[in-house]
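One structure below.
The values are calculated or read from the model by the stated rules, or taken from the named source; none is laboratory data. On a predicted model such as this, the values are computed, not experimentally measured, just so you know. Cβ: placed from backbone, ideal geometry, glycine included. Neighbour counts: every protein chain shown. SASA here: full protein model, heavy atoms, side chains in, ligands and nucleic acids out. Shrake-Rupley method; radii C 1.70, N 1.55, O 1.52, S 1.80 Å.
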Amino acid sequence: MAQNTDQVLKVAVVGCGGIANGKHIPNLVNQKNVELVAFCDIIEERAIETARKIGKEDTIKIYTDYKELLKDESIDVVHVCTPNKSHSFITIDALESGKHVMCEKPMAKTAKEARAMVETAKRTGKKLTIGYDNRYRPDSLTLKQICERGDLGDIYFAKAHAIRRRAVPTWGVFLNEDEQGGGPLIDIGTHALDLTLWLLDNYKVKSVKGNVYYKLGDKESPANAFGPWKAEEFKVEDSAFGFITMENGATVILEASWALNTLDVGEAQASLSGTEGGADMKDGLRINGEDLGVLYTKKPELKTGGVAYFAGNSESQAGRECRLWIESILNDTEPMVKPEQALVVTEVLEAIYESARTGKTVYFDDQLVTAEG
C-alpha cells in the first residue's frame, strides 16, 4: 500500500527524560508526516525545556497530567517514555482515548500489565508497538533475512547477550526496583531477548529457569562508566541469567549484567547455531559454516546499503524505527514490533525473576498469548 504522503499525524510525548530527548523527539522532528503538538512530564519545567530545545516552546502544549493531554481528540499518536512502572496504564488510557501508541521498552513492569496492553490494542483497533530499536540495525536486518532464507538451517541453540563490565546507570530511577521492576535483566536483557526471539521467529516458550544476583551493588565502583553508584540506592540485581526451552526443543540462554567481572562484553547481541550454519554479532556480523570440506567464516559488508528497510548510512536505527512506525500508521499496516511479540519477552523476563525467587522452573503450559513472527 502506498504511503499517504498528505496526512500529517499529530504526536504527543509523555515523559520528557533522557530517552525522549535522546531518541524519540529528535527522530519525530525529522518525519515530514509528523507534527509534535504536546509534551507531558510530571516536572513541568522539563517539558518546557524539551519544547525549547527544538524551538517549539510557543507552539507545543505543555501538560503535567497525561490524562489532560489525552482529552485532546486531535492527537493521533502518543509516545510513552516514562519509567517502566507507568508504561501499562498510560498506554492503555491512550489507546482507550483513540490514540496509536509507541511505548518505550520494556513493554511493562509485569506480564499481567503487558497482557492488558495487548488486549486493549485489539479491542480498540489502535496500533501499539514497543521500542525495541535494535531490530532496525543493519546487522540485525541482514541476519533476519539470512535466517528467513534458511541459510542456518534449523536453529536449535541461541544466546542473547547483554553484558557490561561496569556500566551501571546512575541517573533517573534505574536502581529503583519499584519504578523499574528490576535491573539489567528488564533494562538491557529485554533488548537482547527481543532481538534473539525475533531472529529465531520463535515465540512458543515451554519453560524458563533463571538465576538473579545481587553481588556488586554494594561495591561503589569508581570505574563505572556513569560514575560511582550509591550502594544504598542499588535496589535491583546487578546480573541475571536465564535458560529458556522452546516448545520445539530449541534452547535460548539469556545473559544480562550491568556489572560483571568479565572481558566478554556485548550488548543487544545474538549468537545463533543451526544445522547448516551459525551466526553471531561479536565482531560485526559473522556467519560460519562448512563448505567443500572446510569450515568458513564470512563477514557481510553492511556499509553499502542493500538491506531491507535500510535507507542508507545516514539513517540511524532509531530513525528507521521511527520512520517505519509512522509509515505503519499512515499505510495501516502492522508495526514491525508487534505487541504480542513484546508480551512474550515480558513473560520470559518475569519467569526468570520468578524462577530465581522460588528456585523452580517456570512452565508456560498455559501461555495466554502466542506471538508469531
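Okay, here's what the table says:
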item	result
Index of the failed condition, residue 101 passing every other in (1) at positive phi; (2) open to solvent by less than 40 Å² (accessible area, probe 1.4 Å)	(1)
Residue that is nearest to residue 180 (Cα to Cα) [pool: residues in region 92-148 that are of a type in the set (Val, Ile, Thr) and in contact with a helix residue (DSSP H, G or I) (Cβ under 8 Å, 6 or more places away or on another chain)]	110
Cβ pairs under 6 Å, 6+ apart, first in region 105-132 and part of a loop (DSSP other than H, G, I, E, B) and open to solvent by 50 Å² or more (accessible area, probe 1.4 Å), second at pLDDT 95 or above and of a type in the set (A, V, I, L, M)	126/95
Cβ pairs under 7 Å, 6+ apart, first in region 324-344 and open to solvent by less than 30 Å² (accessible area, probe 1.4 Å), second among the charged types (D, E, K, R) and not in a helix (DSSP H, G or I)	328/127; 328/334; 329/127; 335/127
Failed condition for residue 57, given (1) modelled with pLDDT of 95 or more; (2) touching a helix residue (DSSP H, G or I) at 6+ places or on another chain (Cβ under 7 Å)	(1)
Number of positions in region 71-93 that are in a helix (DSSP H, G or I) and out of contact with any Cys (no Cβ under 9 Å at 6 or more places or on another chain)	6
Top-ranked residue in region 219-252 [being among the acidic types (Asp, Glu) and in contact (Cβ under 8 Å) with a residue 40 or more places away in the chain; ranked as most open to solvent (accessible area, probe 1.4 Å)]	247
Failed condition for residue 160, given (1) part of a strand (DSSP E or B); (2) open to solvent by less than 20 Å² (accessible area, probe 1.4 Å); (3) out of contact with any helix residue (DSSP H, G or I) (no Cβ under 8 Å at 6 or more places or on another chain)	(3)
Some residue of region 294-306 being closer than 30 Å to residue 185 by Cβ, modelled with pLDDT under 95 and open to solvent by 10 Å² or more (accessible area, probe 1.4 Å)	yes
Some residue of region 261-271 being modelled with pLDDT of 95 or more, in contact with a Gly (Cβ under 7 Å, 6 or more places away or on another chain), within 22 Å of residue 160 (Cα to Cα) and open to solvent by 20 Å² or more (accessible area, probe 1.4 Å)	no
Residue list for region 49-61, filter: under 27 Å from the mean Cα position of the chain (by Cα), of a type in the set (A, V, I, L, M) and within 15 Å of residue 15 (Cβ to Cβ)	51
Residue satisfying all of: in region 345-358; of a type in the set (Ser, Thr, Tyr) and in contact with an Asp or Glu (Cβ under 9 Å, 6 or more places away or on another chain); surrounded by the fewest Cβ atoms within 10 Å (Cβ to Cβ) among these	353
The lone exception for residue 208 - which of (1) surrounded by 16 or more Cβ atoms within 10 Å (Cβ to Cβ); (2) assigned to a loop (DSSP other than H, G, I, E, B); (3) among the hydrophobic types (A, V, I, L, M, F, W, C) it fails	(2)
Top-ranked residue of region 22-80 - restricted to ones that are more than 23 Å from residue 105 (Cα to Cα) and touching a residue at least 60 places away in the same chain (Cβ under 8 Å), ranked as surrounded by the fewest Cβ atoms within 10 Å (Cβ to Cβ)	74
